[in-house]
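> Sharing a structure here in structure tokens format.
The values are calculated or read from the model by the stated rules, or taken from the named source; none is laboratory data. Quantities reported herein were computed from a predicted structural model and do not represent experimental measurements. Note: ideal-geometry Cβ built from the backbone for every residue, glycine included; neighbour counts use all protein chains shown.
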Amino acid sequence: MKRETLEALLAARGSRRAVALITDLESGAQRLVGRAEAARDPLAEKLDEAFRFDQSGSHDGHFITVFNPALRLVIIGAVHIAQSVIPIAQALGYDVTVIDPRGAFATGARFPGIALHAEWPDEVIPAIGLDARTAVIALTHDPKIDDPALAAALRSEAFYIGALGSRKTQGARVTRLMQAGFGETELARIHGPIGLAIGARGAPEIAVSIMAEVTRALRLGA
């Protein structure tokens, strides 16, 4: 690998930018392609699949090595469902962050070993950033906490945005965010009610439905 290619790869990893190293198996020539530019590459279809499924491999005389940033899950609300979501998310490879300004909920005793912020989302999110390898789920049912987080997520490239609540709650949420300046296309990014419709009951089953929907968005873009 040439020095400039290595430096570009390290820079991409440092900035959490997804890239793929394409090696010509006959000549040994290499090039680095960012996910944002992959659609214009001759191997566009294979690159899209490789990025979406975190899968390196050989294609059409080339070897594609994918360097995706680590997956992140930002949970708004240190609630009971969050406690059920976290072990599933961790098993799927997500780095988890929990944000909740309510100190009685956001405690190390309830969320041991988790990056925990007992602050308001609009104070924390700018510092941690949201990108195309980040999912955001809002679970508090409190507009004062959830809405600023959802607004920040809508302004970002987060690949999944979900919010807990009934269809009535989602309708009221959409109305508030529309009044805050978001359009219908933007608001359609919010999965609400959150999770796949599998008839889930209780926190563990709801957690399964949430992470199933997050996985579908990650892998299939839906």
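> Any residue in the range 97-107 that is closer than 16 Å to ALA203 by Cβ and in a strand (DSSP E or B)?
Yes; the residues of the range 97-107 include at least one that is closer than 16 Å to ALA203 by Cβ and in a strand (DSSP E or B).
> Collect the residues in the range 185-222 that are modelled with pLDDT of 95 or more and among the charged types (D, E, K, R), keeping them in residue-number order.
GLU186, ARG189, GLU205, GLU213, ARG216, ARG219
> Restricting to the range 26-49, give me the number of residues that are in contact with a His (Cβ under 8 Å, 6 or more places away or on another chain) and closer than 22 Å to ALA222 by Cα. Walk me through it before giving the result.
Going residue by residue through the range 26-49, those that are in contact with a His (Cβ under 8 Å, 6 or more places away or on another chain) are 43, 46.
Of the ones still in play, those that are also closer than 22 Å to ALA222 by Cα are 46.
Total meeting the criteria: 1.
> Please work out which one of (1) farther than 30 Å from ASP147 by Cβ; (2) modelled with pLDDT of 95 or more is the condition HIS59 fails and give its number.
All conditions are met except number (2).
> Return only the number of the condition from (1) buried (at least 16 other Cβ atoms within 10 Å of the Cβ); (2) free of Cβ contacts under 8 Å to residues at least 40 places away in the same chain that ARG167 does not satisfy.
Result: ARG167 fails condition (1) only.
> Continuing with this model, one more query. Mind listing whichever residues of the range 109-139 are out of contact with any helix residue (DSSP H, G or I) (no Cβ under 9 Å at 6 or more places or on another chain), in a loop (DSSP other than H, G, I, E, B) and closer than 15 Å to ILE86 by Cβ?
ALA109, PRO112, GLY113
Rundown of residues vs (1) of a type in the set (Ser, Thr, Tyr); (2) more than 25 Å from PHE51 (Cβ to Cβ); (3) at pLDDT 95 or above, yes/no style:
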residue: THR97; (1), (2), (3): yes, no, yes
residue: PHE105; (1), (2), (3): no, yes, no
residue: ALA138; (1), (2), (3): no, yes, yes
residue: ASP146; (1), (2), (3): no, yes, yes
residue: ALA153; (1), (2), (3): no, no, yes
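> Okay, moving on. Of all residues in the range 152-207, how many are on the phi < 0 side of the Ramachandran plot and either among the aliphatic types (A, V, I, L, M) or assigned to a loop (DSSP other than H, G, I, E, B) (or both)?
Within the range 152-207, the first condition is being on the phi < 0 side of the Ramachandran plot, and the residues that meet it are 152-164, 166-180, 182-194, 196-198, 200-201, 203-207.
So of that shortlist, the ones also either among the aliphatic types (A, V, I, L, M) or assigned to a loop (DSSP other than H, G, I, E, B) (or both) come out as 152-159, 161, 163-164, 166, 172, 174, 177-178, 180, 182-183, 187-190, 192-194, 196-198, 200-201, 203, 206-207.
Count: 34.
> Sort out for me the strands (runs of 3 or more DSSP E) sitting completely within the range 1-89 that have 2 or more residues that are surrounded by 14 or more Cβ atoms within 10 Å (Cβ to Cβ), touching a residue at least 60 places away in the same chain (Cβ under 8 Å) and in contact with a helix residue (DSSP H, G or I) (Cβ under 8 Å, 6 or more places away or on another chain).
Working: elements: 19-24, 30-34, 57-59, 62-67, 71-76.
The qualifying strands (runs of 3 or more DSSP E) are 71-76.
> Right, next: Look at the range 90-103 and say how many of its residues are surrounded by fewer than 17 Cβ atoms within 10 Å (Cβ to Cβ) and either over 19 Å from ASP122 (Cα atoms) or under 15 Å from the mean Cα position of the chain (by Cα) (or both).
5
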